Every structure is written in structure tokens, then in C-alpha cells.
1. What residue, among those in the range 117-145 that are among the basic types (Lys, Arg) and more than 20 Å from residue 200 (Cα to Cα), is farthest from the ligand (Cβ to nearest atom)?
2. Looking at the range 14-34, can you tell me whether even one residue there is closer than 21 Å to residue 212 by Cα, touching a residue at least 40 places away in the same chain (Cβ under 8 Å) and among the charged types (D, E, K, R)?
3. Of the residues that make up the range 226-240, is at least one without any contact (Cβ under 8 Å) to a residue 40 or more places away in the chain, open to solvent by less than 50 Å² (accessible area, probe 1.4 Å) and under 16 Å from the mean Cα position of the chain (by Cα)?
4. Within the range 152-162, count every residue that is closer than 14 Å to residue 135 by Cα and assigned to a helix (DSSP H, G or I).
5. Does residue 77 satisfy being within 16 Å of the ligand (Cβ to nearest atom), hydrophobic (A, V, I, L, M, F, W, C) and in contact with a helix residue (DSSP H, G or I) (Cβ under 9 Å, 6 or more places away or on another chain)?
6. It is to be established whether one or more residues within the range 41-52 are touching a residue at least 40 places away in the same chain (Cβ under 8 Å), touching a helix residue (DSSP H, G or I) at 6+ places or on another chain (Cβ under 7 Å) and closer than 22 Å to residue 134 by Cα.
Amino acid sequence: MIDAHAHLDDRRFADDLDAVLARAAAAGIERVLSCAEDLASSERNVLIARRYPAVRVAVGVHPHRAASWSESVSGMVNRLAHDPHVVAIGEIGIDLSGRSAPREAQETAFIAQLTLARALDLPVVVHVREAGPLARELVDRAGGARGMVHCFSEGPDDVDEWIRRGFTVSFAGTLTYPKNDALRRAVARVPADRVLVETDAPYLPPKTRRGGRNEPAFVVETLAAVAAARGEEAADLGRRMAENASKLFRIRWQGT
Ligand SMILES: [Zn+2]
């Protein structure tokens, strides 16, 4: 199966990435999609993917770093996106939680990267915090997109809004927290061919790992919680998610 969203270039993995990815492989995680936060992070992630066959990459500028977006960054992201390890533009999006870049800078970077992804025929990995309606309006304004909403955090009804636009919806360790019944109701509404799980490692560890560093191997705990919420077998669901990721990101599972 796949961890559909992590940040392997984070400095918390700098000393032991070999061991982290070995534990992921031992847990049955055959692919990790490592997502960039800005141009430097995009470059680091491509280098990581060249070293580790399990890793695929999304390049782009996160809403937290939207103020760094420029014509020249756009050109460099475009160039990096042609690396064979790059399967998506991300993570991009809108974050109105108050911890992010000014809204105007976020909108500019988001629209530009949605447009770039369309031009390159790549899917997008979208970060949405307290901004669902605006993010969807911008996706519509950009002419639509193919992609994944990562770490879904809206209500169950909002699932339908993303599904209607052709998106896949991915759930993180937050779904395992006792208070998050709404997320468990939300995941039960996602069609089988549009659901994924992720760690967002090193952030957001699942319930039994709270307080520590998250890593791709821990995605199995979130998979188990998703399977329970959907009334499915975890092994079947994990295989289906691998197929979902393979279709969305055009990842091949044999060889590299
Ligand atoms: Zn992330």
C-alpha cells in the first residue's frame, strides 16, 4: 500500500531516513508520496526520490510559503516537474487558520500552480484549512483540477463537494483521535475508488503515537481506523488504495 502524503525532506528525518523507509517497507508500505513545501524542499525531495525507489514526489509551494511564489520559482518548479520521480504538483492550497501567508499571496500561488498542473497534465495535492468553499471556488475558477485533498478536515457534507469535482480524498492520523467522529463519518461517505490514507509525517501521529515523530510505517494505524469506519477489511482496503493512488498519480508498482 501507499502513504499518500509525507514530508521526507523534513529535518527530523535527516539522520535516519534509511531506517524510516526500511520500517515502512517492513510494514507493507511500498510507496511514499513525499510532498514539498517550497522550491528548496521540492529540490530536496527529488534528490531523496533518486536515492530511494519507494519514493515519489510532489513539487510546489505550500500556502504557508505562498509569499515565496514568483515567476522564477514557477519556472524552476516547472523544470523540476519533468523529473521522472515527480508525479504531482503539491502541496498547494489555501489555509485560513491564521498561521499561513497573506490570503492574496495564497490565492495567487494556488491559481498559478493549478494552472501549471493542468499545463503539465499532472494531478495536484491540495492543503485546505478552514477554507473549503474558497479553495473549491479557486479550483473552479482555474478550470478544474485532477487531484487529492490531503488530510481532510472538513465536515461529512463537504466530501461530496470534492467528489463532484473529481477529487480523491485522503485521511491522516487525525481520524484515529477519539473526538473526531465527524471525520469517521466523512470517510464512510467517500466512494471506494476515491479514498486514500496518509501520515503527513513527521506531523500528525496517529493516536497511539501522539507526542512523537510520525513516520510512514504508522499509516497502518490510520488504515485500520478507516477500514473500521467503512466496515471493510484493512488488507482489501489497502490494496484498493494502492490502485487508487496508481490511477491518480500514474505510479507503476513493478520496478521503478
Ligand atoms: Zn503536508
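The values are calculated or read from the model by the stated rules, or taken from the named source; none is laboratory data. Values in this document were obtained by computation on a predicted structure and should not be read as measured data. Reconstructed Cβ throughout: ideal geometry from the backbone, glycine too, with neighbour counts over all protein chains shown. Just the protein is used for accessible areas: all its heavy atoms, side chains included, with ligands, DNA and RNA removed. Shrake-Rupley method; radii C 1.70, N 1.55, O 1.52, S 1.80 Å.
1. The first filter runs over the range 117-145 and keeps only residues among the basic types (Lys, Arg), leaving 118, 129, 136, 141.
Within this subset, residues satisfying the condition of being more than 20 Å from residue 200 (Cα to Cα) are 118, 136, 141.
Details: 118: 22, 136: 19, 141: 24 Å.
Per the stated criteria, the residue is 141.
2. yes
3. Scanning the range 226-240, I find no residue that is without any contact (Cβ under 8 Å) to a residue 40 or more places away in the chain, open to solvent by less than 50 Å² (accessible area, probe 1.4 Å) and under 16 Å from the mean Cα position of the chain (by Cα), so the answer is no.
4. 4
5. No: the conditions fail for residue 77.
6. So far as the range 41-52 goes, no, none of its residues is touching a residue at least 40 places away in the same chain (Cβ under 8 Å), touching a helix residue (DSSP H, G or I) at 6+ places or on another chain (Cβ under 7 Å) and closer than 22 Å to residue 134 by Cα.
Matching residues to (1) farther than 22 Å from residue 75 by Cβ; (2) surrounded by 15 or more Cβ atoms within 10 Å (Cβ to Cβ); (3) in contact with a Ser or Thr (Cβ under 9 Å, 6 or more places away or on another chain):
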| position | (1), (2), (3) |
| --- | --- |
| 106 | no, yes, yes |
| 111 | no, yes, no |
| 134 | yes, yes, no |
| 158 | yes, yes, no |
| 170 | yes, yes, no |
| 183 | yes, yes, yes |
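Per-residue answers, yes or no, for (1) among the aromatic types (Phe, Trp, Tyr); (2) closer than 25 Å to residue 119 by Cβ; (3) open to solvent by less than 20 Å² (accessible area, probe 1.4 Å); (4) not in a helix (DSSP H, G or I):
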{"position": "15", "(1), (2), (3), (4)": "no, no, no, yes"}
{"position": "18", "(1), (2), (3), (4)": "no, no, no, no"}
{"position": "24", "(1), (2), (3), (4)": "no, no, yes, no"}
{"position": "32", "(1), (2), (3), (4)": "no, no, yes, yes"}
{"position": "46", "(1), (2), (3), (4)": "no, yes, yes, no"}
{"position": "49", "(1), (2), (3), (4)": "no, yes, yes, no"}
{"position": "57", "(1), (2), (3), (4)": "no, yes, yes, yes"}
